[in-house]
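The numbers here are math on the coordinates, done by the rules we state, and not lab data. All values derive from a computational prediction rather than experimental measurement. Cβ coordinates were reconstructed from backbone atoms using ideal geometry, including for glycine residues, and neighbour counts include every protein chain displayed.
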Amino acid sequence: MTKFCSPGRERLAWRVVVVVAFVMAGTGCATRPDGNPRDPFESFNRGVFEFNDGVDRAVFKPAATVYRELTPTLFRAGVANFLGNLDDVWSFVNSALQFKPKAAVNNFMRVNVNTVFGLGGIFDVASEAGLERQREDFGQTLGHWGVPSGPYLVLPFLGPYTVRDAFAIPVDRAGDIVGNLDHAPTRNSIKLIDLLDTRAGLLRAGEALDEVALDKYTFTRDAFLQRRRYTVYDGNPPDEAPDSKPPVR
């Protein structure tokens with residue numbers, strides 16, 4: 001539910017962050033006594049999480065289910081590959097900003113191989129050739145250069161973030177190729193398909209989460225923070241000291 005793009009989406013995302021910041025400042029966002037130290041805004045976040053979950057169940061999940069049932073697997077794979085190829089361009093930029101020459105070259109080669117030999121990225125030829133996708137975004141770039149992640153934050157419609165990553169949203173939106181297309185019908189059609197395809201790919205995971213998680217909010221938060229830390233450290237996060245707050249990068 002985080003990828004739909006409408007005109008001026010980067011401005012909208014920025015306004016959401018600012019409004020949320022003011023709301024949290026005004027309400028105090030009290031931390032629960034037994035809460036996670038990474039989640040001082042838990043009361044606020046839980047409310048937004050319930051709102052997002054309700055919207056997802058009412059709108060996005062049914063739409064994604066219909067999309068999965070009516071579209072051939074080959075078509076969905078082509079859509080995912082095409083959009084992933086566009087994302088690789090921004091990953092290349094962020095790899096370069098992080099001074100990671102190996103990752104930058106890898107992403108650059110992926111874009112060229114898939115664009116030329118994969119019919120514009122419809123086929124992921126690069127992965128078959130051993131060039132694995134290495135996703136990078138501006139939040140990871142900030143983390144790479146030592147900007148702390150800050151507290152966990154759930155944004156309306158956009159989902160889970162950290163404060164650092166939330167303030168990186170406008171930059172990531174500026175690097176979104178499809179989101180910057182001038183032709184609004186084309187831009188929004190592609191983004192709608194992207195949204196449906198992404199949500200359809202999460203249907204099974206969502207069903208499993210409903211079955212096994214006693215507290216969906218806590219499970220989602222902990223999984224997100226763990227995964228985010230893993231990606232910022234390129235799969236090699238430092239060991240966390242026992243009985244201490246984990247590194248916030």
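Between Phe224 and Ala205, the contour length at 0.36 nm per residue exceeds the Cα-Cα span by 5.5 nm. With the cut-off at under 18 Å, measuring from each backbone N in segment 68-99 to a point 7 Å along the Cα-to-Cβ line of Glu132 picks out 85, 88, 91-92, 95. Under 5 Å between amide hydrogens, built in the peptide plane, is the criterion, and for Gly120 it picks out nothing among residues at least 5 positions away or on other chains. Each residue of segment 162-174 is assigned a 3J(HN,Hα), and the resulting list reads 10, 4, 4, 5, 5, 6, 8, 3, x, 5, 4, 5, 5 Hz, derived from the Karplus form 6.51 cos²θ - 1.76 cosθ + 1.60 (θ = phi - 60°), x at Gly and Pro. Relative contact order of segment 9-232: 25 percent, from C-alpha pairs under 8 Å at least 6 residues apart in sequence. Just check segment 123-187 against the gyration tensor rule for me: Cα atoms, a ≥ b ≥ c as the square roots of the eigenvalues, rounded for a/c under 1.5, and otherwise prolate or oblate depending on whether a/b exceeds b/c. Taking the square roots of the gyration eigenvalues as a ≥ b ≥ c, segment 123-187 is oblate. Can you give the FRET efficiency for Val66 and His183, using 1/(1 + (r/R0)^6), R0 = 25 Å, r = Cβ-Cβ distance, to the nearest 0.05? Efficiency, rounded to the nearest 0.05: 0.45.
Mean silhouette area of segment 9-232, derived from the convex hull of its C-alpha atoms and averaged over all directions, reads 13.5 nm². Ordering His183, His144 by the number of other Cβ atoms within 10 Å of each residue's own Cβ, fewest first, gives His183, His144.
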